[in-house]
Amino acid sequence: MADRPETGVRKHRAGIVVGLVLVLVAAGVGGWTAFTGSLPFLQDKEHYCWGAWEQDSGPRVLGGEAVEGGGSRGVKESPPTAGRPSGSCTLTVRAGSGSGGEKVSYSDRVTVRYGAVPDGGTERRAWLGEFLDARSVRLPDGLSGTVGQDRAVVVLPKRCEAGGRPAAVSLRVHGRSTSASGEMANPSLLGTGREVATMLLDAANAGMSKADCARENPLELASSFPGATEESDRSGPVPKEVCDIPGLRGGQDAGTWSWTRADDARLRICTVSTEGAQGEEPELAGQFLIVTEPRLMALFDGMTGDKAPGPGWRGKGVFHEDYAAVRADCDGTDAVFFQQLDKGMREAAEPDPERVFARGVDAAAQRAGCGRVAPAG
């Protein structure tokens, strides 16, 4: 009987201790939640590029395995605004491999840009060569753009134009590897065409929202993603007649070529690339295309002049030393024909770049069901 009061005291003290622990835990959780906005055991996933992409969603570059073993992921971003409708975002993923032998570090840099297409002629042509690439396919569902495994672009609605130029969102991935042997380009594929397209459109929707020109319905993929067409697989060493255009030949440094045909009328692209200097990515050597999709044609505004390019030509166009562009009626719909060649391909063109362009335009017009645009002969 004498032990009962002491037992009651112990139980009372234990109750106080448990109560204090619960209070402290509650205070800790509440403090953490007040500080971070989330419970300590429910960590928020990171978001990148103006909130467009979420950690562990989409391609590998957003997932945990990309930074396993001491890797890292960082982002540098500048969102567009209504007063400054341009922005950029660069997501960089670093990783390494090798143990005991030569160690190699890798980096993948995914860059998104929002804003008006370049204004200057040289910059605009370089941009066209980079993003209207023959290894890409046209976006489906009436979306104005193209997508490949390492690049993509979508032209935004007219209300998003800035400075009188069409606005676009572009996405590009570059990879590099570094070892004791030096640093070199390491071609990096971001994901499947659908994954890259989804990342592109998510970034475009986020950018338009911040620039205050968002559509009522966001840009999205509704149908199945198009696969490679039969002709888009035609790639390899440069043939004597690139794109089946008589006289269009690869220059001395031209290494590979490819072309795609999303369809005969709306978009057809052929590109030729150089092998690239040691440790660097291939560079564009030549490009020929026909496009009739209105927003894609807007990318060539200001490039075709205001009169016929020469005798026998229909439409308006210009011939410059390194490029040619013509805009003409194609069975009731405007079409843009465009060619740009580097010095090597210009010198290899037989008999000359202007005549080669005329042959290309004539062949493309026939495939698209147009009347003759280039002069006969």
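Points to keep in mind about this one:
- When the residues of the stretch 99-124 are filtered to those that are touching a residue at least 40 places away in the same chain (Cβ under 8 Å) and assigned to a loop (DSSP other than H, G, I, E, B), the one that is surrounded by the fewest Cβ atoms within 10 Å (Cβ to Cβ) is E102.
- When V173 is tested against (1) in contact with an Asp or Glu (Cβ under 8 Å, 6 or more places away or on another chain); (2) more than 19 Å from E54 (Cα to Cα); (3) among the β-branched types (V, I, T), just one condition goes unmet, and that condition is (2).
- So S232, is it part of a strand (DSSP E or B), at pLDDT below 95, among the polar types (S, T, N, Q) and open to solvent by 10 Å² or more (accessible area, probe 1.4 Å): no
- When restricted to residues that are open to solvent by less than 10 Å² (accessible area, probe 1.4 Å) and either over 23 Å from the mean Cα position of the chain (by Cα) or within 16 Å of D362 (Cβ to Cβ) (or both), the stretch 286-329 contains 7.
- Residues located in the stretch 163-191, provided they are open to solvent by less than 20 Å² (accessible area, probe 1.4 Å) and of a type in the set (A, V, I, L, M, F, W, C): A167, A168, V169, L171, V173, A185, L190
- Check on A204, open to solvent by less than 20 Å² (accessible area, probe 1.4 Å), aliphatic (A, V, I, L, M) and either at pLDDT 90 or above or outside any strand (DSSP E or B) (or both): yes
- Close contacts from the stretch 75-97, counting a first residue that is farther than 27 Å from G163 by Cβ and hydroxyl-bearing (S, T, Y) and a second that is modelled with pLDDT under 90 and open to solvent by less than 50 Å² (accessible area, probe 1.4 Å), with Cβ to Cβ under 6 Å and a gap of 6+ residues or different chains, come to T92/G74; S97/V104.
- Among the residues of the stretch 359-370, at least one is open to solvent by 10 Å² or more (accessible area, probe 1.4 Å), in contact with a strand residue (DSSP E or B) (Cβ under 6 Å, 6 or more places away or on another chain) and farther than 16 Å from C270 by Cβ.
- When L341 is tested against (1) open to solvent by 20 Å² or more (accessible area, probe 1.4 Å); (2) closer than 16 Å to T122 by Cα, only condition (1) is not met.
- Scanning the stretch 63-72 for residues that are open to solvent by less than 50 Å² (accessible area, probe 1.4 Å) and without any contact (Cβ under 8 Å) to a residue 24 or more places away in the chain returns G63, G64.
- Strands (runs of 3 or more DSSP E) fully within the stretch 235-332 counting 2 or more residues that are in contact with a helix residue (DSSP H, G or I) (Cβ under 7 Å, 6 or more places away or on another chain) and modelled with pLDDT of 90 or more: 284-291, 323-330
- Within the stretch 125-162, considering residues that are more than 14 Å from the chain's Cα centre (by Cα) and acidic (D, E), the one surrounded by the most Cβ atoms within 10 Å (Cβ to Cβ): E161
- Among the candidates A376, A348, residue that is touching a residue at least 12 places away in the same chain (Cβ under 8 Å) and open to solvent by less than 50 Å² (accessible area, probe 1.4 Å): A348
- Residues considered: V9, V61. Of these, the only one that is at pLDDT below 50 and assigned to a helix (DSSP H, G or I) is V9.
The values are calculated or read from the model by the stated rules, or taken from the named source; none is laboratory data. Note that the coordinates shown come from a computational prediction; the quantities given were computed from them, not determined experimentally. All Cβ positions, even for glycine, are placed from backbone atoms using ideal geometry, and neighbour counts span all protein chains on display. Note: areas computed on protein heavy atoms with side chains; ligands, DNA, RNA excluded. Shrake-Rupley method; radii C 1.70, N 1.55, O 1.52, S 1.80 Å.
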